[in-house]
Amino acid sequence: MTEYVFMNGKYVKADEASIPVRTHAFLYGTSVFEGIRAYYNKEEDQMYAFRVKEHYERMLRSAQIMYMDSPYTLEEYCNITKELLKKNNYKQDTYIRPTLYKSAIKVGPGLYDNPDSFLIFTTPFGNYFGNDEGLKMCVSSWRRNGDNAIPPRAKVSGAYANAALIKTDAHNAGFDDAFVLSENGDVTEGSAMNMYLVSNGKLITTSTTEDILEGVTRNTVKELAKDLGIEVIERKINRTELYVADEIFCCGTGAQIVHVESVDHRKIGNGKIGEITKQIQSLYFEVVKGRVPKYKHWCTPVYD
């Protein structure tokens, strides 16, 4: 099957798409990107792209921080994405990676005199984490990059060197992933995903001013929880609150909703998925498949 990407204003065969080796974004990490999922509903023979508009709104905010001029409107981004999915005609869950990048062919880190280009590729994509047992997490020795260094609220590719070190060291130490502290010592998020903990029946998550990416899935969880009658609190979280939480789960486009079994070898609850996490996870996977009428406006049907 021929796969296509969108690049330089056209749909081209994936194996023919390339960028010059001296492209600024490649040399300096000066691109912003999104990760979007599309879910295949077998019963309807329909692909639903989830919260596409919200992802592109965030990409445009990232672009604003990085001195980027968007070549397309929000509506055009959504339409380009839908058309690319149609051309690739997947019959399985799919990951979408749009990237807005500095495309000058020059040496030097400056963002000025530096045009902006856009590309999207898609790929079949299952679960980011390969087990159903829950995550064994640690607290990383690395700190999250701060708002006055490389702002985490901007999804900048160069900032993911931080995530790469966090994830790799956790893996090499025998963990699935890691929670990251800010320079002030407060819990921020996972290597590349947000987090919620459950305490006394309430959901608690890090506030958006605590050096986190403002996650689309994080926002989705907030909306679902409120509709389920579960109180959501955003505030600073101390490290040891992780150890005594009733439940913890991580969330993100890649991670989806995945429960945490342990943190720093301390079992969370009984180590199994908790009731609140299970409730939210179950509803989430119905929503993204377009099966819940109340949330159908979040799901963009791809196949006419």
Residue in the stretch 99-123 that is nearest to Ser62 (Cα to Cα), counting only those that are of a type in the set (Phe, Trp, Tyr) and open to solvent by less than 40 Å² (accessible area, probe 1.4 Å): Tyr101
Top-ranked residue of the stretch 78-135 - restricted to ones that are more than 16 Å from the chain's Cα centre (by Cα) and acidic (Asp, Glu), ranked as nearest to Val21 (Cα to Cα): Asp116
Residue among Ser182, Ser191, Ser207 that is within 17 Å of Arg239 (Cα to Cα), surrounded by fewer than 20 Cβ atoms within 10 Å (Cβ to Cβ), of a type in the set (S, T, N, Q) and at pLDDT 95 or above: Ser207
Those residues of the stretch 166-179 which are in a helix (DSSP H, G or I), open to solvent by 30 Å² or more (accessible area, probe 1.4 Å) and in contact (Cβ under 8 Å) with a residue 24 or more places away in the chain, in sequence order: Lys167, Asp169
Within the stretch 96-145, tally of residues that are among the basic types (Lys, Arg) and not in a strand (DSSP E or B): 2
Failed item, numbered, when Arg239 is tested on (1) under 25 Å from Val287 (Cβ atoms); (2) in contact (Cβ under 8 Å) with a residue 60 or more places away in the chain; (3) open to solvent by 40 Å² or more (accessible area, probe 1.4 Å); (4) in contact with a Leu (Cβ under 8 Å, 6 or more places away or on another chain): (1)
Residues that are in contact with a strand residue (DSSP E or B) (Cβ under 8 Å, 6 or more places away or on another chain) and either modelled with pLDDT under 95 or over 23 Å from Gly158 (Cβ atoms) (or both), drawn from the stretch 54-79: Cys78
Condition met for Leu228 (modelled with pLDDT of 95 or more, among the hydrophobic types (A, V, I, L, M, F, W, C) and open to solvent by 20 Å² or more (accessible area, probe 1.4 Å)): yes
Top-ranked residue of the stretch 124-149 - restricted to ones that are in contact with a Phe, Trp or Tyr (Cβ under 8 Å, 6 or more places away or on another chain) and at pLDDT 95 or above, ranked as most open to solvent (accessible area, probe 1.4 Å): Lys136
Matching strands (runs of 3 or more DSSP E) fully within the stretch 1-95 where at least 3 residues are more than 20 Å from Thr253 (Cα to Cα) and open to solvent by 20 Å² or more (accessible area, probe 1.4 Å): 10-13
Candidate set from the stretch 257-304 (those that are in contact with a helix residue (DSSP H, G or I) (Cβ under 7 Å, 6 or more places away or on another chain) and assigned to a strand (DSSP E or B)); member that is surrounded by the fewest Cβ atoms within 10 Å (Cβ to Cβ): Arg266
Failed condition for Met195, given (1) part of a strand (DSSP E or B); (2) farther than 20 Å from Asn127 by Cα: (2)
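The values are calculated or read from the model by the stated rules, or taken from the named source; none is laboratory data. For clarity, every value in this text was computed on a predicted model and none was experimentally measured. Every residue, glycine among them, receives a Cβ derived from its backbone with ideal geometry; neighbour counts consider all protein chains shown. Heavy atoms of the whole protein, side chains included, go into the accessibility calculation; ligands, DNA and RNA do not. Shrake-Rupley method; radii C 1.70, N 1.55, O 1.52, S 1.80 Å.
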